[in-house]
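As structure tokens, the structure follows; a few thoughts come after it.
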Amino acid sequence: MINNELVVEPTNENLEKIFSFVGDTLKEFDISSKYKFQLELAIEEIFVNIVSYSNAKSIKVTSNVSEDPLMITIRFIDDGVQFNPLEKEDADVHLDLDEKPIGGLGLILVKNNVNEISYEYIDNKNALTIKKTL
């Protein structure tokens with residue numbers, strides 16, 4: 001198992017650092033471009049939402065790779081406002097564009113591109129975890 005950790009300031013400019021960090025974790029494995037794209041889509045959605053809405057002072061990202069089956073687990077830990085995005089009801093994707101409320105589609109995007117997603121509030125910190133079989 002490979003375990004890595006990175007702490008960054010909550011700015012959109014640090015998204016590339018997160019991508020590089022996860023890429024370095026996966027560099028020894030032959031991952032399809034489809035799975036890489038799905039993973040980056042989920043990472044971007046989660047990270048940008050933390051940056052935009054949490055008022056966090058820092059974001060810790062951990063990545064763990066396990067084999068058999070090959071799976072990556074990525075955890076986003078922030079000290080911002082307590083918020084469990086999984087408690088929100090999924091947006092209705094069948095509504096007409098002008099009827100859809102703003103927000104909520106990003107979480108659907110994440111859920112559709114990872115195998116598992118979970119949330120915990122531990123030691124006054126939000127911890128959102130995604131798992132993707134590769």
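Which numbered condition in (1) modelled with pLDDT of 95 or more; (2) touching a strand residue (DSSP E or B) at 6+ places or on another chain (Cβ under 7 Å) is the only one that PRO69 fails?
Only one criterion is unmet by PRO69, namely (1).
Just to check your reading of the model, which residue among ASN14, ASN49, ASN84 is buried (at least 16 other Cβ atoms within 10 Å of the Cβ) and closer than 23 Å to ASN112 by Cα?
ASN49
Quick one: would you say ASP123 is at pLDDT 95 or above and loosely packed, with under 12 Cβ neighbours inside 10 Å?
It is true that ASP123 is at pLDDT 95 or above and loosely packed, with under 12 Cβ neighbours inside 10 Å.
Could you count how many residues in region 38-78 are touching a helix residue (DSSP H, G or I) at 6+ places or on another chain (Cβ under 9 Å) and assigned to a helix (DSSP H, G or I)?
Of the residues in that region, 14 qualify.
Could you check region 19-37 and list, in sequence order, the residues that are open to solvent by 30 Å² or more (accessible area, probe 1.4 Å) and either under 13 Å from VAL8 (Cβ atoms) or part of a helix (DSSP H, G or I) (or both)?
PHE19, SER20, GLY23, ASP24, SER33, LYS34, TYR35, LYS36, PHE37
The values are calculated or read from the model by the stated rules, or taken from the named source; none is laboratory data. Note that the structure is predicted; figures quoted are calculated from it, not measured. Note that we place each Cβ from the backbone using ideal geometry, even for glycine, and neighbour counts take in every protein chain shown. Protein only, heavy atoms only, side chains kept; ligands, DNA and RNA dropped before computing areas. Shrake-Rupley method; radii C 1.70, N 1.55, O 1.52, S 1.80 Å.
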